[in-house]
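Working notes for the structure below.
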Amino acid sequence: MTKQKAGCLSVFLPFLRLFVGEEKEPKKLPYAKRDDFLSPSEMSFYKVLTQTLGDEFIICPKVGLKDVFFVKSRDNREFTIYNNKINRKHVDFLLCRPDKMEPVLGIELDDSSHRRDDRLERDIFVDDVFNAAGLPLVRFRNKQSYALSEIREKIENALKQGKEYTSSQNTTETNGLQQEVPICPKCNIPMVLRAVKRGNNKGKEFYGCINFPKCREIREIEGKV
Ligand SMILES: [Zn+2]
């Protein structure tokens with residue numbers, strides 16, 4: 001929301017409340033702040049991660065899978081099924097590159113609950129989601145103490161594999177450029193013709209993904225201005 005819009009909203013909010021029938025003293029909503037945002041084991045692992053990788057990455061705890069992934073299918077039924085599957089799940093930690101906050105790796109801290117059948121099924125699904133999207137995921141066993149070098153090594157190896165995956169994806173996408181309407185390499189669906197709205201290149205046409213802004217893949221059209 002822009003500052004201007006937010007400002008307007010705060011001016012009109014009291015009137016809006018009257019309009020929707022709320023009394024002057026609105027009923028307090030039944031929410032309270034949780035005291036267990038991170039469990040003690042998550043907290044101690046977070047500290048270890050900060051010590052090991054805090055200078056290079058932003059470490060986000062408890063990130064909803066729906067904030068990291070999207071369903072690329074355009075089929076309504078399939079979209080709903082797979083969107084619901086990631087709707088209430090989260091990954092314990094997400095490493096992001098600080099410049100663009102681009103997610104580069106997920107981390108799961110497995111405690112004894114992960115041996116339960118329902119957790120196992122959930123873990124396999126989460127592994128598959130990361131795998132499908134080409135984002136590395138590493139799992140660590142919950143321990144009393146951690147060897148920092150071991151953690152760094154495991155994460156660096158996973159990051160390397162993630163990079164290899166991305167470059168292999170990029171090779172396939174250039175092969176698809178021969179067609180008239182390019183296929184989005186990420187979503188595997190035909191792209192759509194768009195035009196630059198602002199700036200020096202205003203009016204210039206290009207192909208963009210129909211899933212924009214969740215997918216920002218574009219293909220330039222040579223010679224078209
Ligand atoms: Zn796409």
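Descriptive notes on the structure:
- Residues located in the range 61-84, provided they are surrounded by fewer than 16 Cβ atoms within 10 Å (Cβ to Cβ) and over 11 Å from the mean Cα position of the chain (by Cα): 62, 74, 75, 76, 77, 78, 79, 80, 81, 83, 84
- The range 68-91: number of residues that are more than 16 Å from the ligand (Cβ to nearest atom) and either farther than 24 Å from residue 192 by Cα or not in a helix (DSSP H, G or I) (or both): 9
- Here the condition is being closer than 26 Å to residue 141 by Cα and either β-branched (Val, Ile, Thr) or in contact with a His (Cβ under 7 Å, 6 or more places away or on another chain) (or both); of 81, 86, it holds for 86 alone.
- Taken over the range 206-225, residues that are under 29 Å from residue 68 (Cα atoms) and either in a loop (DSSP other than H, G, I, E, B) or more than 10 Å from the ligand (Cβ to nearest atom) (or both) amount to 13.
- Residue count for the range 54-93 satisfying the condition of being modelled with pLDDT under 95 and touching a strand residue (DSSP E or B) at 6+ places or on another chain (Cβ under 7 Å): 0.
The values are calculated or read from the model by the stated rules, or taken from the named source; none is laboratory data. Small disclaimer: the values here were computed from a predicted structure and weren't measured. Glycine gets a Cβ as well: all are built from the backbone with ideal geometry, and neighbour counts include every protein chain shown.
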